[in-house]
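Reading through the structure tokens given below for one structure.
Just so you know, all these numbers are worked out from the coordinates, no wet-lab data involved. Remember, predicted model here, so these are calculated numbers, not experimental data. For neighbour counting, all protein chains shown are included, and Cβ atoms are generated from backbone atoms with ideal geometry for every residue, glycine included.
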Amino acid sequence: MEVVRLGIIGCGGMAGSHAKGFEELEDRMKVTAVCDIDMERVKAAAAATNAETAVTDYRELLAHVDAVLIALPHDLHYEVGMACLKAGKHVLMEKPMCNTETECLELIETAERAGLVLMTAYPVRFWPVIRKLKELVDAKTYGEVFQMSIWTEQYTRFPSGHWTESAKRLGGGQFFSHGCHYVDLLLWFLGKPVRGTHMGTNFGTPWMEKEGTSNVVLEFEGGKLAYHFGTWGARGTRLGYSIHVHCTEGMLEYNHKEGRLYLHSNIRAERANMETASKTEILFEDTNTSKKTQYEALHFLECIRTGAKPLTDGPSSLQGLRIIWRLYEAELENRVADLTGLGLEEEWRSPV
């Protein structure tokens, strides 16, 4: 099997979390070059990955790689992604793909013309426990889904002046930067969206120019509902990262901290006494609570090898971002957003 030469562009925290996952793929991939504007970070990344080439200008990296991971501030994704694609390199792009619809479309079309893989780094879709959850939902093992809820509670604050504080550089707020993971997940699980609302605030996260806390409600075809709560301002948490899927024959719960997928079933009928106990069993257990990026990277490598379309390809990533942009617009206009036409399998080429 031919080993793919990978370059890492951007050696901050996001690149570090990916590099840990790459360690398990040494028979398929070798990090041959790393790049960052900070030479100390470049040296540290080269030492950690055994990369032979360490540079501060990404253009100097291109001759040494077959593919790149781009883990840069969001406003740089388009420029660097386009340069890499035009140089004939496959691209694994940290989320979100780009900050504007036009930039996303141009990257997608450039990759298609060149026959290259363009994949967005949404690692959650590839976790074994999430694949198991999707399998159970698709098989209707516990009946039909009628509600899916996702909570992400964290405290995210960088030094004053960091690029993540800027709405322009981030592309929005916490919802655009981090919530895009979970919009992607909800689309994958629930199908075609119909309408939705977003309410965001930077109260509690005054360092954010745009929202640091979001509440999102979505309706999907067939009457399925979804909810996402995300914050970068949590000073404490119990839910942490949690997913609840209510089905007609039971409720599936993924608790990331515990690494467990639970089934809650046989709930007692409510009789005005608030007694809601149910039976609980563990369906799947994974004690690795890291980002588990090796599964995502393996998929990327397989797509390079076989020419298959990535599960988190450009068009599906664009549809998720379009939902966020529509929700942002509707929030400003104090109305419910029309989300029809934005399912993963629906038309994506024309701007909306």
In terms of the ratio Rg/(2.2 N^0.38 Å) built on C-alpha atoms, what value belongs to the chain?
1.01
Simple label model, 7 Å out from Cα along Cβ direction - Glu24 to Arg260, nm
2.2
Net charge contributed by nearby residues that have their C-beta within less than 9 Å of Ser265 (K/R +1, D/E -1)
-1
Given 4 °C, 1.567 mPa s and a Kirkwood radius over Cα pairs, the Stokes-Einstein diffusion coefficient of the range 4-121 in µm²/s is 93
Would you mind estimating how fast the range 283-350 diffuses translationally, via Stokes-Einstein at 25 °C and 0.890 mPa s with the Kirkwood radius over Cα pairs, in µm²/s?
165
In order over the range 336-347: 3J(HN,Hα) from phi, Karplus 6.51/-1.76/1.60, θ = phi - 60°, whole Hz, x for each Gly or Pro, gives 7, 7, 7, 10, 5, x, 10, x, 4, 9, 8, 3
Fully extended contour minus Cα-Cα distance, from Ser160 to Glu333, at 0.36 nm per residue:
59.2 nm
Within 10 Å, count the other beta carbons around each residue, average over each peptide in 90-103, 250-263, and list them highest first.
90-103, 250-263
What order do you get for Cys303, Cys84 when you list them from fewest to most C-beta neighbours inside 10 Å?
Cys303, Cys84
Alpha carbon centre of the range 250-317 versus the range 130-174: separation in Å?
12
Quick check on the range 234-275: take the gyration tensor over C-alpha atoms, sort the square-rooted eigenvalues as a ≥ b ≥ c, and tell me if it's rounded (a/c under 1.5), prolate or oblate.
oblate
Note the angle between two axes, namely the Cα long axis of helix 101-114 and the longest principal axis of the Cα atoms of the chain, as a number of degrees from 0 to 90, rounded to the nearest 10.
60
Calculated from backbone phi, Karplus (6.51, -1.76, 1.60) coupling profile of the range 69-84 in Hz, x at Gly/Pro:
9, 9, 10, 10, x, 4, 6, 9, 4, 5, 4, 6, x, 5, 4, 5
Under the helix-only model (-39500 (n - 2.57) for each DSSP H run of 4 or more, divided by the residues of the chain), the mean residue ellipticity at 222 nm, to 500 deg cm²/dmol, is -9000 deg cm²/dmol
How would you rank Glu281, Glu329, going from fewest to most other Cβ atoms within 10 Å of each one's own Cβ?
Glu281, Glu329
Beyond 25 Å (Cα-Cα) in this structure, taken from Lys192/Lys291; Lys224/Lys309; Lys168/Lys257; Lys192/Lys257; Lys140/Lys224, we find Lys192/Lys291; Lys224/Lys309; Lys168/Lys257; Lys192/Lys257
Compute the angle between helix 293-306 and the longest alpha-carbon principal axis of the chain, please, reported from 0 to 90 degrees and rounded to the nearest 10.
60
Positive minus negative residues near Thr110 (Lys, Arg vs Asp, Glu; Cβ under 13 Å)
-2
Want the number for Thr100 to Ala47: 0.36 nm per residue separation, take away the alpha-carbon distance, what's left?
15.6 nm
